[in-house]
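This report concerns only the one structure given below.
The values are calculated or read from the model by the stated rules, or taken from the named source; none is laboratory data. The structure displayed is predicted, hence computed values, not measured ones. Note: ideal-geometry Cβ built from the backbone for every residue, glycine included; neighbour counts use all protein chains shown. Each accessible area value is taken on the protein alone, full model and side chains, heavy atoms only, with ligands, DNA and RNA left out. Shrake-Rupley method; radii C 1.70, N 1.55, O 1.52, S 1.80 Å.
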Amino acid sequence: MLTTLTDSAEEAAVLLNSGRIVAFPTETVYGLGAGIAHPEAIRQVFLAKGRPGDNPLIVHIYSVEQLPDVASEINPEAKKLIEHFFPGPLTLVLKKNPLVPDTVTAGLQTVGVRCPANPVARELLRLAHCPVAAPSANLSGLPSATSWEAVYQDLEGKIDCVLRGQPSSIGLESTIVDCSGSKAVLLRAGAITLEQLQAVVPEISTNTNQNKLEPPKSPGLKYPHYAPKAEIVLCCPEEKRAVTPSSAYIGLSDPPEGVLIVKLCKNLEEYGRELFSFFRHCDSKNIGVIYCELPSPCGLGRAIRDRLMRAAGQQ
Ligand code: AMP
Ligand code: MG
């Protein structure tokens, strides 16, 4: 299949509206979109990524007016979160409208909904004739793509179009909060931090300790994620490790001696933004080990920590 590269949201929307699959920029990471009214396109999204069929897709909307098309119930906690954080890097899990195909939600009775803030994403969603299901635009298991070049590297020949935009300003996937039950639960940490969520919904919990007999609340979180080819070694700021040859480092404090490639970040925002593109860069240079400083689990540090632990196979 020929993958069209375009800067035109109009051109990308024409393809999307005719049942094609289109990657597009968002502030979190690039997404791979299919209109939810196009079952064959939804199937192609799973196929192109090599995504397991039991891992549901997040549905993207242009405006809160579309919420009833996707969700059947919006409880008071969800309403507050929507008021504060839509549009933005927050996904809410809500009871689903029966019209949303089961393939999108992987058979769950709930649906993940997000309204992104990135202007290019918003233009595409405005022109789309229906809400757009879109997982991250990368091959399953690899680090998410935070630039159109990374999307093209993974998915060229497998998808119809890449709508080019700037690199993602956040670089980490959305925060996911489950609002489908009696109490809001943080399922995945992201740029909307736990502290920010608690300021709006104080009773939100992070307790995802589930009865093992129940289906997992967020099926995608059971799969290995975000992993580059290189081995990920987590380190604390004060640790000075013996460094393996052909290694790299990313973090906020000084690197161990002898690493070949160093990404020293000024703050957590830069760390989050650069993490996945650094992983991909290291793979392109055949780096064997990437040392990653583990930030403390406060603010954005919680999301970075989560991605690092998963990349290291520790979660
Ligand atoms: P990705 O778009 O690749 O970042 O992955 C989407 C994430 O959202 C996966 O971890 C899914 O398990 C999660 N997700 C999507 N829909 C739901 C849902 N209805 N309930 C719980 N988690 C969901
Ligand atoms: Mg993903």
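Can you find a residue that is part of a loop (DSSP other than H, G, I, E, B) and under 18 Å from the mean Cα position of the chain (by Cα) anywhere in the range 174-184? Checked against the condition, which is being part of a loop (DSSP other than H, G, I, E, B) and under 18 Å from the mean Cα position of the chain (by Cα), the range 174-184 yields at least one hit.
Taking the numbered list (1) modelled with pLDDT of 70 or more; (2) touching a helix residue (DSSP H, G or I) at 6+ places or on another chain (Cβ under 6 Å); (3) open to solvent by 30 Å² or more (accessible area, probe 1.4 Å) in turn, Pro216 passes all entries but (1).
Note down all Cβ pairs under 9 Å where the first residue falls in the range 1-20 and is touching a residue at least 12 places away in the same chain (Cβ under 8 Å) and in a helix (DSSP H, G or I), the second is open to solvent by less than 60 Å² (accessible area, probe 1.4 Å) and aromatic (Phe, Trp, Tyr), and they're at least six residues apart or on different chains. Pairs found: Ala9/Phe24; Ala12/Phe24; Leu16/Phe24. Looking for something at pLDDT 95 or above, aliphatic (A, V, I, L, M) and closer than 30 Å to Gln109 by Cβ - is there at least one such residue anywhere in the range 292-300? Within the range 292-300, not a single residue is at pLDDT 95 or above, aliphatic (A, V, I, L, M) and closer than 30 Å to Gln109 by Cβ. Within the range 133-153, residues that are on the phi < 0 side of the Ramachandran plot and more than 11 Å from ligand 1 (Cβ to nearest atom) reach partners that are of a type in the set (S, T, N, Q) and open to solvent by 30 Å² or more (accessible area, probe 1.4 Å) with beta carbons closer than 6 Å, at six or more positions or on different chains, in the pairs Thr146/Ser277. In the range 24-33, the residue that is surrounded by the most Cβ atoms within 10 Å (Cβ to Cβ) out of those that are in a strand (DSSP E or B) and touching a Ser or Thr at 6+ places or on another chain (Cβ under 9 Å) is Gly31. The residues of the range 241-288 that are touching a residue at least 60 places away in the same chain (Cβ under 8 Å) and open to solvent by less than 40 Å² (accessible area, probe 1.4 Å), listed by number, are Gly272, Leu275, Phe276, Phe279, Arg280.
Counting the residues of the range 84-113 that are of a type outside the set (A, V, I, L, M, F, W, C) and under 16 Å from Thr193 (Cα atoms) gives 5.
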